Amino acid sequence: MKVAVCAQDNHIDARVDQRFGRCPYFVVVDLNSGDWEGLQNTGTQSSGGAGVQTAQLLVNRGVNVVLVDRIGPHAIEVLGRAGIQVYGGISGTVRQSVEAYRQGRLSLLSRANSPSHGGMGRG
Amino acid sequence: MIIAVASGKGGTGKTTVASSLALVAAEKREVLFLDCDVEEPNGHIMLKPHWHKKETVRVPVPEINREKCTFCGTCAEVCAFHALVVLPQEVMLLPTMCHGCGGCWHFCPAGAISPGWREIGQVEEGSSGKIGFVHGRLNVGEAISPPLIQAVKERIRPGILNIIDAPPGTSCPVVRAVKGADFCLLVTEPTPFGLHDLELAYEMATGLGVPCGVAVNRSDGDDSSIRRFCHNNNIPLLFQLPQDREVARGYARGIPAIEVRPEWKEHFLALLAFLERGGYARCAN
Amino acid sequence: MRELVVLSGKGGTGKTTVCGNLAVLASNKVMADCDVDAANLYLLLDPVLKSSSPFYGLKKASINREKCMGCNLCLHLCRYDAIRPGFVVDPVLCEGCAICYHACPCGAVEMIEHLAGHLFLSDTRYGYLVHARLGIAEDNSGKLVAAVRKEARRLAEEEKKELIITDGPPGIGCPAISCLSGADLVLVVAEPTFSGSHDLERVLELAKHFGCRAAVCINKWDLEPENSHALESLCSRHSVPVVGYLPYDESVMEAVKSGRPVIQECSGSMKKGILALWGKLKTLLELR
C-alpha cells in the first residue's frame, strides 16, 4: 500500500504543501514496510495542466492513495479513473498526515476543492 | 460590408445598438445580423427571428483504439495541453483541455489514435422580417468559443450589410469576431469603466487594422472624457444616446431601442450614411 | 478563510459595482479582480500599486530560418493556420500545441516563452487588491484568472484574512469556469431583463456543474418587476436563495462616474439594499 503526500521537501518530516500540481515533492510512504522515498514533481515546470501531469506521474509510480490539502478538478478525475483514492485537508508534516490517514481522520474527496490552475486555455 | 459592434465592457448596450442599426438599415437594403457573443447570445431577443436551420459545431478530438494502443505514453508526452493521461488500462481524454491540434494522432507510433469529433455548440440561422439572422450558442461548461465564432462568421454574405454583434472584452473570442471587419463601432458609456474599456477595445481593433468609431450609450450629457479620448486618437464620435429609463425597460422586455424611441433613427441613418461615404471603411467587395 | 466569487451571465449587470460596495462593507478581506479582460474594480478603490509581475502564457512556436529547409511539414500539420508563407509564426493564431516543434525534421522550431499579461498587487483604503491585465488578443485568460485567485489566496493566508471577494468575469466560458471551482459561494448578479432569466440559468447550471453553492442578487429589480418574479421562480426551481434586491437608481451611474463605491454616494433605498445583501452574505459565508 503506497501513500503519496504533497510535500515542500523530500523528507518524511517535511512540511506538507498545500498544492497538488505545483508541490515540489511527493513523499511516497509504503504503509506495510514503513519505508519512504522522495519523488520530485516534474509537473511543476509545466505552464498549464500541471495537475494532470502530476497525476500522470503518480499513476506511473503505482501509488494507491494520495494525501492533499487541495486538488483541482482535472487531477482528481484522472486519479479517480486510475483507482487512486484522494484524501484532503492535510496539515503539519508528512509523517503527521500519514498518521492522520491511518487513524481515519482525513476525509475522502470525490470532487475538486481547488480551482483549475491551468485554466482551460483558448478562452 | 462587414460592421462589427464591439465594446471592451459588457452591458454597454452593444446589442441595443447593433439590433437598432439592423432594423434601420433593413428599411433600405439587405442585412445579415450575426450574433458572435456565443456565450450569451441576446440579439435574438431583440430581433425575434424565425428559425430555419440549426447546425451542430464540432471540434476534433482524439479517438483511441484500445485494441491497438500499447500504452507507450507518446500521446501524453506530445500533448502541450495535458489533455491525455495514460493509465494502466486506458488512455484517458480530458476533452475540455483538448485543443484538437492533432499531435497525438500524428505521433502515435501504433496508429491507435484517429481524429474524432466533439460537439461544442450550435449555429442557428433564421430571419426577422427582412433581416437575415445567425447566432452561435456555446454549450454550458464548454471553454472553447473561437471555433464556434468562426462557424457563425462563415455565414457572412458578401455584397450586403453584415452586422456582427461581438462578445465583450478584448481577448481571443473578440479578436476572432472583429477580425476581417471593414469597420468596428465601439459602444461605450461615459463612466470611468466605460472609458477604460474603450481604450482597450480601441487598441484591439487598431491592432487588427480595423478602423473604428465610437458611440456613447446612456449619456447623461457630460461625455467630456469620451470626447477627449476620441479627439486625442483622431477617431469619430458618431452619436450619443441618452440615459433613458424607458429604453432600459424596453430592453428588459425585449423591445429594441429604436421602437421605444423612433426619433433615435436619425443617429443610425447618419451612421449608415457615414459608412456609405466610405471614408473609414474599406469596402468588402 | 472563505472565498466569495461574484459572477454574472452577462456583462454590465452591476457585478463590479456590487463588489466595490462589498469591499467597503467587509473588513479583514482581500479583493481579487478576475475580470482580467477588462479589470475595472481598481477604478472604484483608489489603489496604490505595490508590485507587478509578468505573466507568461503557453509557449509559442518560433521558426529559425537558418535551420529550416522549407519542407512545409509544419504548414501541413498546423491546424490553426498559424504558419504564414515564409515560415513566420503568427503569434495570435499559434495556440502553442508544439506539433511543429515535435515534427520538424531539422529542429528549426523552438517553443519560446510568451508574455501574455501582468499581475498586480495594490493597496487600497479597503485592503489589498490583486488584479491583472491580459494583453490584447491573448487567449490564456483562464490561466491568468487562476493566477489572480492563487495570489489572492496566498496573500489572504499570509495576512490571516477571513475572506476573499472575487470580482469574476462575465459569461460562462473559460475565465468564468476558472473562477468557480473551489469557491465557497458564488453570488450571481442578475438583471430583470428579457434575457436575464436565460443568462442567470446558464450561470446557475455552470455553478451546479462544478459543484458550487450559489446565491443571487437582483439588480435594478424594480425596472421590470414581472421579470424579477421570473428570476425569483427560476432561483427557487434551482433551490438557490435570492439574497439581495437593488433598485434601478440613476445616482449609481453618478457614483461610478466619480470613481467611488455607490454606498458612499447614493440614495437611501440603494444603501439599504446593499446593507441587507451584505448581511445575508455574511450569514451564508458564516462570517462573524
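So the values come out like this:
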| quantity | calculated |
| --- | --- |
| Evaluation of residue C:116 against (1) of a type in the set (Gly, Ala, Ser); (2) touching a residue at least 60 places away in the same chain (Cβ under 8 Å); (3) out of contact with any Phe, Trp or Tyr (no Cβ under 8 Å at 6 or more places or on another chain) (one fails), failing number | (3) |
| Which listed residue, of C:239, C:251, C:258, is under 26 Å from residue C:179 (Cα atoms), of a type in the set (S, T, N, Q) and surrounded by fewer than 15 Cβ atoms within 10 Å (Cβ to Cβ) | C:239 |
| All positions within the range B:59-84 that are closer than 21 Å to residue A:54 by Cβ and among the hydrophobic types (A, V, I, L, M, F, W, C) | B:71, B:72, B:75, B:76, B:78, B:79, B:80, B:81, B:83, B:84 |
| Selection within the range B:180-194 - closer than 16 Å to residue B:237 by Cβ and hydrophobic (A, V, I, L, M, F, W, C) | B:183, B:184, B:185, B:186, B:187 |
| Complete set of residues in the range C:27-44 that are surrounded by fewer than 24 Cβ atoms within 10 Å (Cβ to Cβ) and more than 21 Å from residue B:12 (Cβ to Cβ) | C:27, C:28 |
| Residue in the range B:130-141 that is more than 7 Å from every other protein chain (Cβ to nearest Cβ) and in a helix (DSSP H, G or I) present | no |
| Count of the range B:68-122 residues which are buried (at least 22 other Cβ atoms within 10 Å of the Cβ), more than 7 Å from every other protein chain (Cβ to nearest Cβ) and of a type in the set (Phe, Trp, Tyr) | 0 |
| Count of residues meeting criterion [of a type in the set (Gly, Ala, Ser), farther than 26 Å from residue C:141 by Cβ and in a loop (DSSP other than H, G, I, E, B)] in the range C:65-114 | 4 |
| Test for residue C:51: is it at pLDDT 95 or above and not in a helix (DSSP H, G or I) | yes |
| Hey, residue C:146 in a helix (DSSP H, G or I), touching a Ser or Thr at 6+ places or on another chain (Cβ under 7 Å) and farther than 23 Å from residue B:37 by Cβ or not | yes |
| Test result for residue B:168, over 17 Å from the mean Cα position of the chain (by Cα) and in a loop (DSSP other than H, G, I, E, B) | no |
| Qualifying residue in the range B:220-227 (condition: of a type in the set (Lys, Arg) and either over 17 Å from residue B:7 (Cα atoms) or in contact (Cβ under 8 Å) with a residue 12 or more places away in the chain (or both)) | no |
| Selected residue [more than 10 Å from every other protein chain (Cβ to nearest Cβ), in contact (Cβ under 8 Å) with a residue 40 or more places away in the chain, of a type in the set (A, V, I, L, M) and closer than 27 Å to residue C:249 by Cα] from B:151, B:166, B:215, B:177 | B:215 |
| Test: residue in the range C:69-91 that is exposed (fewer than 14 other Cβ atoms within 10 Å of the Cβ), farther than 30 Å from residue B:178 by Cβ and not hydrophobic (A, V, I, L, M, F, W, C) | yes |
| All positions within the range C:212-229 that are surrounded by fewer than 16 Cβ atoms within 10 Å (Cβ to Cβ) and either under 24 Å from the mean Cα position of the chain (by Cα) or within 25 Å of residue B:141 (Cβ to Cβ) (or both) | C:213 |
| Pick from the range C:157-183, criterion part of a helix (DSSP H, G or I) and buried (at least 23 other Cβ atoms within 10 Å of the Cβ), ranking: nearest to the other protein chains (Cβ to nearest Cβ) | C:174 |
| Test: residue in the range C:190-208 that is more than 25 Å from residue B:256 (Cα to Cα), part of a strand (DSSP E or B) and either of a type outside the set (A, V, I, L, M) or out of contact with any Ser or Thr (no Cβ under 9 Å at 6 or more places or on another chain) (or both) | no |
| Pairs, first surrounded by 20 or more Cβ atoms within 10 Å (Cβ to Cβ) in the range C:265-279, second of a type in the set (S, T, N, Q), C-beta under 6 Å, six or more apart | C:266/C:251; C:274/C:21 |
| Index of the failed condition, residue A:23 passing every other in (1) over 20 Å from residue C:182 (Cα atoms); (2) away from chain B (no Cβ under 14 Å); (3) out of contact with any Pro (no Cβ under 8 Å at 6 or more places or on another chain); (4) free of Cβ contacts under 8 Å to residues at least 60 places away in the same chain | (1) |
| In the range A:42-68, residue modelled with the highest pLDDT [restricted to those that are outside any loop (DSSP other than H, G, I, E, B), surrounded by fewer than 24 Cβ atoms within 10 Å (Cβ to Cβ) and away from chain B (no Cβ under 11 Å)] | A:65 |
| Extreme residue, nearest to residue C:253 (Cα to Cα), among residues of the range C:184-206 that are surrounded by fewer than 24 Cβ atoms within 10 Å (Cβ to Cβ) and more than 10 Å from chain B (Cβ to nearest Cβ) | C:197 |
| Matching option when the condition is within 23 Å of residue A:11 (Cβ to Cβ) and facing chain B (nearest Cβ under 10 Å), among A:71, A:84 | A:84 |
| Count of the range B:232-268 residues which are among the charged types (D, E, K, R), farther than 27 Å from residue C:229 by Cβ and free of Cβ contacts under 8 Å to residues at least 60 places away in the same chain | 2 |
| Options C:113, C:95, C:138; residue that is in contact with a strand residue (DSSP E or B) (Cβ under 9 Å, 6 or more places away or on another chain), charged (D, E, K, R) and surrounded by fewer than 21 Cβ atoms within 10 Å (Cβ to Cβ) | C:113 |
| Residue in the range B:256-270 that is touching an Asp or Glu at 6+ places or on another chain (Cβ under 6 Å) and crowded, with 17+ Cβ neighbours inside 10 Å present | yes |
| Unique match (being modelled with pLDDT under 90 and buried (at least 16 other Cβ atoms within 10 Å of the Cβ)) among B:169, B:132, B:136 | B:169 |
| Set B:191, B:206: member being among the polar types (S, T, N, Q) and buried (at least 21 other Cβ atoms within 10 Å of the Cβ) | B:191 |
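Residue-wise test of (1) within 13 Å of chain B (Cβ to nearest Cβ); (2) in contact with a helix residue (DSSP H, G or I) (Cβ under 8 Å, 6 or more places away or on another chain); (3) closer than 27 Å to residue C:41 by Cα.
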| position | (1), (2), (3) |
| --- | --- |
| C:220 | yes, yes, yes |
| C:226 | yes, no, no |
| C:232 | no, no, no |
| C:237 | no, no, no |
| C:243 | no, yes, yes |
| C:249 | yes, yes, yes |
| C:264 | no, yes, yes |
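The values are calculated or read from the model by the stated rules, or taken from the named source; none is laboratory data. Values in this document were obtained by computation on a predicted structure and should not be read as measured data. Here the Cβ is made from the backbone with ideal geometry for all residues, glycine too, and neighbour counts use every protein chain on show.
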